[in-house]
Amino acid sequence: MDELLDDFIAETRENLETLAGQLVQWEQTPQDRGLLDSVFRFVHTVKGSCGFLELPRLLRLSHAAEDILSGARDGQVAASTGLVSAVLAVVDRISALTDALETGQAVYDDDGDLIDTMLAYLPKQKAEALQVEAFDPDIDESVSRSKARTVRISLSLLDKLMSGVSDMVLARNEVSRQLRKMQNNSELEHSFTRLSASVAEMRDAVGMMRMQNIDRLFSSLPRLLRDISIELGKEIELLIDGSEVEVDREMVEALRDPLTHILRNAADHGIETADERRAVGKDPIGQIRIVARQSGNQILIEIIDDGRGINLDKLGTRAIAAKIVTAADWQKMTEKAQLSTIFVPGLSTADQVSSISGRGVGMDVVKSNLQAIGGTVDLENYEGQGLKMTLRLPLTLSIIAGLSVRAGDQIFGISRNSVVEILSSSNRNVKIEELGSKYVALIRGERYPYARLETLLGMDDEEQTGHGSRTLIVVRPAIGTIFVLDVANVIDNEELVVKPGAPIVMATGLFAGTTLPDNGRPMLLLDASGLGLAMGIEQKEDQSVSTVSADETREAKRPSALLFVANDGVKRAVRLSVIDRMEDVDASQIKFVGGRMRASIGDRLFDVCDLDDVPAQGMVKLLRLTDGSDAKYLAVEDVIDIFTLDGEIAPSACPEIYEGVVSALDETVELINVFRYFEAQGIAADPSARPLCYVQCDDDSVWEHRILAPLLVASGYRVSFEASDRDAAAVVLNRSEGEPVKSSDDARILTLRDTSHSTVDSRSSIYRYDRIGLISAIEAKLSGVA
């Protein structure tokens, strides 16, 4: 019984927020019978469970709520603000009693008043009849939906499972390194490939266990905004998009307070009253829109309102009065820096303190909670028109994409989300300057705060005055100014498993935890914001040292290209938009197979372009190119820099190879035509998108299984021998085996002859060893020509 009660508490708590959101939606769209039915089913389920578990208070409340909802389904009660408020009050009491079941604390409030208020919306005779009706467990539930099979496990157990799988991945990578040192053993490599695929699949599955739809977070917002709107006397419409996006379960809880404060501030400060909106020509009903989407390895949540925006003059007056900045400093600050002062604790633009906002703690909570999970917040202010807030969050809290970097004789990790760009200190577009007692990095005319990682960590740096080339990382912290971090070199780009660090280490503020890279050696994960603080950078600005001009802003929007040195020693360029990333791949993973140079990366084979010879050992530098669905690798000798395609692209004498000739950093180079790398790719990358060929034959037919099927697969088709797939097939292949070819009404049928000459209908048959003719005949069937 205890286990049943625990399941009841967990299920009820999970569904209550969704229920409240559905009630608010029903209030706005009373004609939506599906919403009403969904709410009714939940309340009825709770009532049945309460009767079984002997929970009389919950039984009485859920029974009364079911009565009023049943009346609404029968058309005896119409949706109204008062009715929905009364039902929501009962839902809140059910929530309080559910929590009390778990904590053991008593709830002494009388339920009778809530029930009477709710039943008062029913016709008098119906209400009196319901109060004496006996509990009937046999209410029709034919509309109920089947539930997916689930099991509840603790988050700590999931973490332990994830840790175990991560250790398996590290062990797999170590075995892979040892296998590469051994002589070729095809059987052993095949077994290892299967093991590697299974481990990767298991790791992905465990990672997905931690994920849940962000709708779990959004479902409570309609109810919250409704209550705020009623208290403020405003009409506000809430639009939510992207509820299907999945995030880490812990992130849902971390985002709950920030979203609540943002919504409260938008409704109270942002959205004007109906009269004020009419006076400026706006719709009297305000609108707040929340959009969630995944972008790469980040989750973006945008909160957009059409209110008054932020009055910077008023914000400046308050900031100066609170002695956050001086009047002189305020005038020098950029608009973005001025807007960021709303995150300073104690600063509020409210004229008076209310129960909703005005104490100056809301936006501080937003910043603190986002920093705790490695997120950032951006503001776009349109004074008089509204405000847009963009929350940028890591996709998961347990595994992040990171870089391993070397400082001195130690290795550290840093989140790739914080990295804007990586350059060599020997790059001619980079210059380190000393301004007073501080150093700045000048990159393409832009100045950034600069520091060596060894200096920030207090490590001995004997090479401080050396002449060796080092690596510069342009870092954008969660909150604060972009800065340049000087490290000895970048070692690898990999997925990092993040774990909490020791308190004495975390107290320094320089680290975000510990991580375990693929080599199994633990290392510390750097905190970008903490490093910025250690450099003495103020956390309220997010801009470079110099001011970006309008011309530079326009230039940033122009297309860019990457200048590189090809393997033949010639400098060339490629458009930056087609480059996914740069990778260093072990030479042992690249072989000339099937007439092409190919690289084995992960569990897939990729074409490697512009590589004639593979070195006996070492690493090969590759650029990963993508057309949106497929990927190729371009071998290069070295990467020089990024430049803007702001000049004329002169035509090339070989347009099939080069897009044209451009000026790159005072040099004239060829801009390669990426089209040629992908034009030979005739097979769809997604196997499910390839045409299906059904081969009609016996199970023991040797030629069809061993000769025909591999040919079709290599030509880009799917093959099936199952009779159930015949109707879905695009082409049906049937071998004649010497029998005369008969015509058929099914235009999809293509007969394969044993002889090279046909005496009947040559359009519907083809010699089975005529490879070119066979593929052409299939294409004709697909196009409807034959």
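The values are calculated or read from the model by the stated rules, or taken from the named source; none is laboratory data. From a predicted model like this one, the values you see are computed outputs, not experimental measurements. All Cβ positions, even for glycine, are placed from backbone atoms using ideal geometry, and neighbour counts span all protein chains on display. Just so you know, the surface numbers come from the protein's heavy atoms only, side chains and all, with ligands and any DNA or RNA stripped out. Shrake-Rupley method; radii C 1.70, N 1.55, O 1.52, S 1.80 Å.
Before moving on, here are some points about what is shown:
- Residues in the range 400-425 that are hydrophobic (A, V, I, L, M, F, W, C) and open to solvent by less than 20 Å² (accessible area, probe 1.4 Å): A401, L403, V405, A407, F412, I414, L423.
- Identity of the residue in the range 579-607, of a type in the set (A, V, I, L, M) and at pLDDT below 85, that ends up surrounded by the fewest Cβ atoms within 10 Å (Cβ to Cβ): V593
- Subset tally (residues that are in contact (Cβ under 8 Å) with a residue 40 or more places away in the chain and of a type in the set (S, T, N, Q)) for the range 610-638: 2
- Any chance Q287 is touching a residue at least 60 places away in the same chain (Cβ under 8 Å), in a strand (DSSP E or B) and under 33 Å from the mean Cα position of the chain (by Cα): no
- Failed condition for G75, given (1) out of contact with any Phe, Trp or Tyr (no Cβ under 7 Å at 6 or more places or on another chain); (2) within 27 Å of L225 (Cα to Cα): (2)
- Helices (runs of 4 or more DSSP H) wholly inside the range 107-207 containing at least 3 residues that are of a type in the set (A, V, I, L, M, F, W, C) and at pLDDT below 75: 124-132, 155-181
- Scanning the range 663-672 for residues that are open to solvent by less than 60 Å² (accessible area, probe 1.4 Å) and assigned to a loop (DSSP other than H, G, I, E, B) yields a single hit, L665.
- Each residue in the range 609-630 was checked for being hydrophobic (A, V, I, L, M, F, W, C), open to solvent by 10 Å² or more (accessible area, probe 1.4 Å) and in a strand (DSSP E or B), and 3 pass.
- Considering only residues in the range 207-252 that are open to solvent by 70 Å² or more (accessible area, probe 1.4 Å) and of a type in the set (A, V, I, L, M), the one that is nearest to E11 (Cα to Cα) turns out to be M209.
- Here G647, G660 are screened, and the one residue that is farther than 15 Å from A566 by Cα, free of Cβ contacts under 8 Å to residues at least 24 places away in the same chain and assigned to a loop (DSSP other than H, G, I, E, B) is G647.
- Selection count, the range 317-332, where residues are touching a residue at least 12 places away in the same chain (Cβ under 8 Å) and out of contact with any Ser or Thr (no Cβ under 8 Å at 6 or more places or on another chain): 2
- Residue pairs meeting the criteria (Cβ under 7 Å; at least 6 apart or on separate chains; first surrounded by 18 or more Cβ atoms within 10 Å (Cβ to Cβ), in the range 25-41; second among the aromatic types (F, W, Y)): L35/W26; L36/W26; V39/W26
- When restricted to residues that are surrounded by 15 or more Cβ atoms within 10 Å (Cβ to Cβ) and among the hydroxyl-bearing types (S, T, Y), the range 426-447 contains 1.
- Taken together, R718, R624, R676, R706 contain a single residue that is at negative phi, in contact with a helix residue (DSSP H, G or I) (Cβ under 9 Å, 6 or more places away or on another chain) and of a type in the set (K, R), which is R718.
- Options I373, I356, I310; residue that is modelled with pLDDT under 70, aliphatic (A, V, I, L, M) and open to solvent by less than 30 Å² (accessible area, probe 1.4 Å): I356
- Residue check for R278: outside any loop (DSSP other than H, G, I, E, B), of a type in the set (K, R), open to solvent by 20 Å² or more (accessible area, probe 1.4 Å) and modelled with pLDDT of 90 or more: yes
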